[in-house]
Amino acid sequence: MSPNPTDLTFYYAVWQKKCWKCKRDITVAINVEGWSFVPGGVGELWRQEMPDWLLKYLRSLGANIHYRKTSMVKEGYYANVCPYCNAVQGDWFLNEELINYLYEEKPQNFKIVEIRKEGIVRQFNSVREADAYYNRAK
Ligand SMILES: [Zn+2]
């Protein structure tokens, strides 16, 4: 892997959803690098490495992320886990859900954050807002 400027900058979508299993409201966070509305980077599902500080920030936003082995990803990855029933909210399904947010102008309980070690640098309330900010010069 070659180093690039985005190595120290992470982009995440964070939103509230119902756990697929117990139906309670939970917060999930998914890496959105590689999506056109944020700069650079290549998206990574089933992320197996995550800096401690990043994990800490995402947890402070309410996302209950833990390393889990699943039937689909036997070696394990940093997954969103329901804090109530312990069910893994699969990355694949969360990405599918994210697609629904692409055209929503005012999504509820949804945000996109740009995170660096110093903290959250920017925050947007919708994909459109992020897109307008990052892609306005194009
Ligand atoms: Zn649950």
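Structure values in brief
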item: Leading residue by the ranking (nearest to LEU8 (Cα to Cα)) among those in region 88-119 that are surrounded by 15 or more Cβ atoms within 10 Å (Cβ to Cβ) and of a type in the set (A, V, I, L, M); result: ILE115
item: Subset of region 118-138 [part of a loop (DSSP other than H, G, I, E, B) and either more than 16 Å from the chain's Cα centre (by Cα) or of a type in the set (Phe, Trp, Tyr) (or both)]; result: GLU118, ARG136, ALA137, LYS138
item: Filter pass, GLU75 being loosely packed, with under 13 Cβ neighbours inside 10 Å, out of contact with any strand residue (DSSP E or B) (no Cβ under 8 Å at 6 or more places or on another chain) and touching a residue at least 24 places away in the same chain (Cβ under 8 Å); result: yes
item: Some residue of region 109-132 being within 18 Å of GLY40 (Cα to Cα) and without any contact (Cβ under 8 Å) to a residue 12 or more places away in the chain; result: yes
item: Strands (runs of 3 or more DSSP E) enclosed by region 6-103 - at least 2 residues per element that are of a type in the set (S, T, N, Q) and either modelled with pLDDT of 90 or more or within 16 Å of the ligand (Cβ to nearest atom) (or both); result: 25-31
item: Hey, ILE112 hydrophobic (A, V, I, L, M, F, W, C) and within 24 Å of GLU129 (Cα to Cα) or not; result: yes
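The values are calculated or read from the model by the stated rules, or taken from the named source; none is laboratory data. Please read all numbers here as calculations on a predicted model, not as lab measurements. With ideal geometry, Cβ positions are generated from the backbone for all residues, glycine too; neighbour counts draw on all protein chains shown.
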